[in-house]
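J.: Mind having a look at this structure? Questions to follow.
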């Protein structure tokens with residue numbers, strides 16, 4: 001343990017004088033910098049503060065970046081006087097700030113100092129455009145049809161005030177103060193051009209809290225993400241990202257994100273016994289393996305019947321309905337945060353999942369899966385979709401470029 | 001870094017089969033287990049999940065335990081039918097659950113599995129009694145005079161619904177899912193005996209995010225806690241804990257905690273320039289050193305005047321008013337969490353400090369300091385006390401005993 005103290009100190013340097021600049025020279029363990037790493041890989045503990053995610057790249061950070069322990073989602077609306085020009089200036093400012101903060105530097109203007117002494121702690125900042133953005137900026141012709149409003153689902157209980165928005169920003173970091181610092185810096189840079197529409201806080205496991213490297217648990221106690229596509233999959237790029245030849249052209253290398261605030265009705269869920277919970281999901285709670293056997297990564301045997309002649313994995317089990325081969329091969333990359341906003345007046349936790357999923361086309365990713373879930377998922381009586389957003393997240397900026405420049409100056 | 005990965009894996013074991021029991025066999029780096037460690041020492045990163053705080057001891061955990069990155073504060077009120085007997089049974093259940101979870105074991109009953117796979121991650125659970133507890137349980141004669149209501153302060157804007165309470169529980173852990181798991185387990189164990197009155201979530205730096213070992217920053221960007229008494233101080237025990245000969249006897253080894261939800265008016269604060277902020281505090285923002293020079297731990301030279309003949313540290317500077325020798329030698333151990341509950345309708349963050357401070361006697365700790373702050377602290381226009389609680393936190397349980405047993409069965 002003494003060795004660790006030393007190596008940590010060596011990696012982070014002596015913080016007092018050099019302040020925020022420390023992380024910049026540290027490791028470059030971000031996914032974008034090392035494409036051979038899988039998104040499941042957790043950061044090295046010894047360099048938690050110094051770990052850096054690259055801002056520039058083919059794709060924006062925060063999509064295949066390993067899940068951070070703290071996240072903020074925030075949507076902005078352009079103000080009445082702001083149009084395309086102001087939006088372009090805003091994205092330029094935001095990109096510059098994101099690049100600096102992700103490199104462990106202070107923002108260009110006056111700093112709140114909240115992240116001072118800390119390294120960038122795998123900070124990532126991701127920007128997206130909502131359906132309403134295009135009308136407000138006179139860019140309707142550039143609006144992708146993929147941004148057409150999601151269909152209504154019968155189980156939706158959506159709060160419009162916490163849904164949609166002209167602009168969307170996702171912030172993740174392995175330190176909560178670093179994440180808050182970035183959130184405030186982004187808000188400050190919005191200036192007179194945009195106002196916060198809604199904002200949500202989330203969390204995941206801390207690096208080092210578990211030896212399980214691949215997947216996290218959600219607040220229902222389930223292993224979450226077993227089914228996620230992997231960057232090593234042959235069709236990963238084509239499922240998750242818009243191709244270079246894609247339409248509209250400014251979305252090349254981009255992705256569409258669906259964001260849902262999914263409240264979990266934990267008091268009801270926890271009244272179920274273990275076997276009942278496992279029947280709802282179709283997987284063992286202990287290790288995420290299908291009820292038909294194997295390990296977390298084993299394919300469920302959907303046709304297998306038990307001694308009673310019934311399917312082992314029930315027809316309405318969550319694992320059956322979300323299986324890609326049950327949905328025309330659709331797939332999306334789920335990258336959620338848990339949330340907990342205290343207890344309501346009945347003593348029930350206002351808690352659940354900030355569901356964030358990425359796909360090249362929502363009509364082949366989220367929509368068909370959610371349609372099936374909406375019809376027959378045994379899990380649906382234990383969850384409630386309370387907010388929803390769909391955003392076009394353009395490709396990553398190359399050096400000298402800002403995110404969205406190909407749209408705003410195209 | 002490879003070495004670290006290996007040692008982490010070794011420390012945590014292979015998680016799949018043995019589940020929650022892992023941390024129990026891990027390191028015992030909790031403060032209670034190693035009294036020579038100072039509370040400023042951060043956990044070893046390599047064993048973050050396995051780090052264990054001892055439940056049993058002279059004092060309860062969560063007082064001199066190193067600050068964790070995630071915290072929950074929750075107050076309960078006894079239900080109408082519950083009296084002394086039900087309260088005793090509740091504290092017995094809560095103590096058993098706290099002991100199991102802090103050792104990295106699952107609770108005795110059905111588990112939510114939210115912490116499964118993870119080690120205890122320095123989990124601590126601390127229990128206290130509020131003023132109203134004693135009337136409801138017929139124990140008025142055992143009520144310490146130290147629990148008499150705090151005086152009103154002119155700057156208070158207290159929400160009664162988020163203040164006080166019969167029972168108070170503080171949960172801290174270096175993993176947010178471990179902390180949430182404990183919160184739900186404690187809530188579940190309350191059963192029919194008690195209901196949640198209020199609940200708040202907080203956070204601090206993640207271990208490893210910074211090389212600064214001693215103090216954290218708050219959401220104003222200031223280093224917080226420079227002035228804190230240290231367990232190595234000669235008078236630490238007598239300032240923070242009720243002595244063995246203290247009154248009432250059931251509080252021997254205990255401490256009184258003052259909890260304040262202090263909202264920071266960050267938009268106003270951030271409009272100040274660096275020099276103005278430093279004048280308000282009386283310390284340099286960069287490293288916490290007094291404006292009269294030195295390092296974070298240097299005593300401020302309160303009599304020093306500048307070239308203009310004015311005190312360098314202004315008469316209303318926060319650092320002057322909170323100096324122990326300006327308050328009759330009073331001292332308290334501050335152990336706060338930051339909080340951020342989203343943005344309000346004006347786009348201002350609902351954020352600030354969950355101020356938690358410990359002392360042997362509130363009339364010699366929190367009260368005189370807050371009285372002085374209330375009259376003349378330059379910081380007061382940038383903060384707002386929105387909730388308040390004062391609780392008697394009994395000494396730690398010895399093996400076979402539960403927390404509060406000396407009160408409830410005395």
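J.: Consider residue A:352 carefully, then state whether it is out of contact with any helix residue (DSSP H, G or I) (no Cβ under 6 Å at 6 or more places or on another chain), within 14 Å of another protein chain (Cβ to nearest Cβ) and either surrounded by 23 or more Cβ atoms within 10 Å (Cβ to Cβ) or under 29 Å from residue A:251 (Cβ atoms) (or both).
T.: When the stated conditions are applied, residue A:352 passes them.
J.: A further question on this structure: Could you run through segment A:257-293 and say how many residues are surrounded by 14 or more Cβ atoms within 10 Å (Cβ to Cβ) and outside any strand (DSSP E or B)? Spell out the reasoning first.
T.: Taking segment A:257-293 and keeping what is surrounded by 14 or more Cβ atoms within 10 Å (Cβ to Cβ), we get A:257-267, A:269-270, A:272, A:274, A:277-292.
Remaining after also requiring outside any strand (DSSP E or B): A:265-267, A:269-270, A:272, A:274, A:277-282, A:284-289, A:291-292.
The number of residues fulfilling the criteria is 21.
J.: For residue A:378, are the conditions met, namely being crowded, with 18+ Cβ neighbours inside 10 Å, out of contact with any strand residue (DSSP E or B) (no Cβ under 9 Å at 6 or more places or on another chain) and more than 30 Å from residue A:165 (Cβ to Cβ)?
T.: Spelling it out, residue A:378 is indeed crowded, with 18+ Cβ neighbours inside 10 Å, out of contact with any strand residue (DSSP E or B) (no Cβ under 9 Å at 6 or more places or on another chain) and more than 30 Å from residue A:165 (Cβ to Cβ).
J.: Could you tell me how many of the residues in segment A:199-215 are within 8 Å of chain B (Cβ to nearest Cβ) and touching a residue at least 24 places away in the same chain (Cβ under 8 Å)? Step through it out loud before you land on a result.
T.: Step one: filter segment A:199-215 for residues within 8 Å of chain B (Cβ to nearest Cβ), giving A:199-201, A:203-212.
Pick out the ones that are also touching a residue at least 24 places away in the same chain (Cβ under 8 Å) and you get A:199-201, A:203-208.
Selection size over segment A:199-215: 9.
J.: Among the residues of segment A:230-246, write down those that are surrounded by fewer than 24 Cβ atoms within 10 Å (Cβ to Cβ) and either in a loop (DSSP other than H, G, I, E, B) or within 8 Å of chain B (Cβ to nearest Cβ) (or both).
T.: Residues satisfying the conditions are A:230, A:231, A:232, A:233, A:234, A:235, A:243, A:244, A:245, A:246.
J.: A follow-up question, please. So which residues in segment B:212-224 are in contact with a helix residue (DSSP H, G or I) (Cβ under 7 Å, 6 or more places away or on another chain) and either closer than 12 Å to residue B:64 by Cβ or not in a loop (DSSP other than H, G, I, E, B) (or both), if there are any at all?
T.: Passing the criteria: only B:217.
J.: Spot the failing condition for residue A:267; the list is (1) touching a strand residue (DSSP E or B) at 6+ places or on another chain (Cβ under 6 Å); (2) closer than 24 Å to residue A:283 by Cβ; (3) more than 9 Å from chain B (Cβ to nearest Cβ), and only one is missed.
T.: (1)
J.: Right, here's the next one. For residue B:99, state whether it is surrounded by fewer than 18 Cβ atoms within 10 Å (Cβ to Cβ) and either within 14 Å of chain A (Cβ to nearest Cβ) or assigned to a helix (DSSP H, G or I) (or both). First the steps, then the outcome.
T.: Working: surrounded by fewer than 18 Cβ atoms within 10 Å (Cβ to Cβ): no; either within 14 Å of chain A (Cβ to nearest Cβ) or assigned to a helix (DSSP H, G or I) (or both): yes.
Judged against the criteria, residue B:99 is not a match.
J.: I would also like to ask the following. Give segment A:378-410 a look and list any residue that's within 27 Å of residue A:201 (Cα to Cα) and assigned to a loop (DSSP other than H, G, I, E, B), or say none.
T.: A:394, A:395, A:396, A:397, A:402, A:403, A:404
J.: What number goes with the only condition from (1) within 26 Å of residue A:395 (Cα to Cα); (2) assigned to a loop (DSSP other than H, G, I, E, B); (3) within 9 Å of another protein chain (Cβ to nearest Cβ) that residue A:227 does not pass?
T.: Unmet for residue A:227, out of (1) within 26 Å of residue A:395 (Cα to Cα); (2) assigned to a loop (DSSP other than H, G, I, E, B); (3) within 9 Å of another protein chain (Cβ to nearest Cβ): (3).
J.: Next up: Just to be sure before I move on: is residue B:109 touching a strand residue (DSSP E or B) at 6+ places or on another chain (Cβ under 6 Å) and either surrounded by fewer than 17 Cβ atoms within 10 Å (Cβ to Cβ) or outside any loop (DSSP other than H, G, I, E, B) (or both) in the structure I sent?
T.: Criteria not met by residue B:109.
J.: So which of A:236, A:241 ends up being modelled with pLDDT under 95 and either in contact with a helix residue (DSSP H, G or I) (Cβ under 7 Å, 6 or more places away or on another chain) or under 15 Å from residue A:334 (Cα atoms) (or both)?
T.: A:236
J.: Looking at residue B:319 and the list (1) touching a strand residue (DSSP E or B) at 6+ places or on another chain (Cβ under 8 Å); (2) farther than 30 Å from residue B:234 by Cβ; (3) in a helix (DSSP H, G or I), which single condition is not satisfied?
T.: (2)
J.: Please find, within segment A:172-189, the residue that is surrounded by the fewest Cβ atoms within 10 Å (Cβ to Cβ) out of those that are part of a helix (DSSP H, G or I) and more than 9 Å from chain B (Cβ to nearest Cβ).
T.: My answer is A:189.
J.: Does residue B:129 qualify as being within 14 Å of chain A (Cβ to nearest Cβ) and crowded, with 24+ Cβ neighbours inside 10 Å? Can you show your working first?
T.: On the way: within 14 Å of chain A (Cβ to nearest Cβ): no; crowded, with 24+ Cβ neighbours inside 10 Å: yes.
Against the criterion (within 14 Å of chain A (Cβ to nearest Cβ) and crowded, with 24+ Cβ neighbours inside 10 Å), residue B:129 does not qualify.
J.: List the number of the failed condition for residue A:165; all other conditions in (1) part of a loop (DSSP other than H, G, I, E, B); (2) in contact with a helix residue (DSSP H, G or I) (Cβ under 7 Å, 6 or more places away or on another chain); (3) farther than 30 Å from residue A:297 by Cα hold.
T.: Of (1) part of a loop (DSSP other than H, G, I, E, B); (2) in contact with a helix residue (DSSP H, G or I) (Cβ under 7 Å, 6 or more places away or on another chain); (3) farther than 30 Å from residue A:297 by Cα, only one is false for residue A:165: (2).
J.: What pairs can you find where one residue is in segment B:334-348 and over 30 Å from residue B:359 (Cβ atoms), the other is part of a strand (DSSP E or B) and at pLDDT below 95, and their Cβ atoms are less than 9 Å apart, with a gap of 6+ or different chains?
T.: Here the result reads none, with nothing in segment B:334-348 linked to a residue that is part of a strand (DSSP E or B) and at pLDDT below 95.
J.: Tell me, please, whether a residue that is modelled with pLDDT of 90 or more, in contact with a helix residue (DSSP H, G or I) (Cβ under 9 Å, 6 or more places away or on another chain) and within 14 Å of another protein chain (Cβ to nearest Cβ) can be found in segment B:358-367.
T.: No - not one qualifying residue is present in segment B:358-367.
J.: Which of (1) in a loop (DSSP other than H, G, I, E, B); (2) under 20 Å from residue B:188 (Cα atoms) does residue B:93 not meet, given it meets every other one?
T.: Going through (1) in a loop (DSSP other than H, G, I, E, B); (2) under 20 Å from residue B:188 (Cα atoms) one by one, residue B:93 breaks only (1).
The values are calculated or read from the model by the stated rules, or taken from the named source; none is laboratory data. The structure displayed is predicted, hence computed values, not measured ones. Here the Cβ is made from the backbone with ideal geometry for all residues, glycine too, and neighbour counts use every protein chain on show.
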